[in-house]
């Protein structure tokens with residue numbers, strides 16, 4: 001294991017010298033971190049995970065085993081990426097061009113997935129770029145996300161649809177006393193829903 005400052009990189013990991021790894025972060029067995037990737041402080045990149053060229057990750061993120069985070073994905077602080085999650089980057093994937101020639105990097109333009117603060121992507125879910133997952137949202141295991149997910153939304157299925165709301169603790173919200181209000185049973189926080197948007201009430 002290599003320790004550079006407070007960064008831990010297991011010997012079997014493949015980390016580009018051009019990648020930036022924040023203090024307190026760990027890169028585990030067989031993970032690959034490509035050129036110009038920016039990984040924040042106190043992040044975990046699990047066994048066999050892939051972090052593409054130029055991917056940006058905030059602080060305190062967890063990318064679990066065998067997840068594939070393709071460029072140009074952007075992850076906010078505190079994002080959770082479950083095992084075997086895929087964040088795609090090609091809207092019209094092909095190995096060859098229409099004339100039969102092998103497709104090169106110059107023949108397509110990568111598009112990314114954006115995941116905002118605190119959101120969680122469940123095991124084996126796929127996010128099909130370009131989509132944005134709002135802050136504190138939860139994507140259920142095995143879901144396929146093909147359109148933007150609002151903040152605090154709980155989405156599931158193929159294609160993914162909103163089936164509820166979650167609070168910042170990740171626990172599903174329950175209806176409040178008034179119409180359009182929701183309460184977190186874990187923290188007691190209150191939220192107001194308006195036109196498909198959830199806003200946390202300030203105390």
- Note on the structure: The one condition residue 30 fails out of (1) touching a residue at least 24 places away in the same chain (Cβ under 8 Å); (2) on the phi > 0 side of the Ramachandran plot is (1)
- Could you name every one of the strands (runs of 3 or more DSSP E) located completely within the range 1-120 that has at least 3 residues being touching a strand residue (DSSP E or B) at 6+ places or on another chain (Cβ under 6 Å), closer than 24 Å to residue 150 by Cβ and in the same structural domain as residue 144 (by TED's automatic domain parsing)? 113-115
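The values are calculated or read from the model by the stated rules, or taken from the named source; none is laboratory data. Everything numeric here is computed off the predicted structure, so don't read it as measured data. Note that each Cβ is placed from the backbone with ideal geometry, even for glycine, and that neighbours are counted across all protein chains shown.
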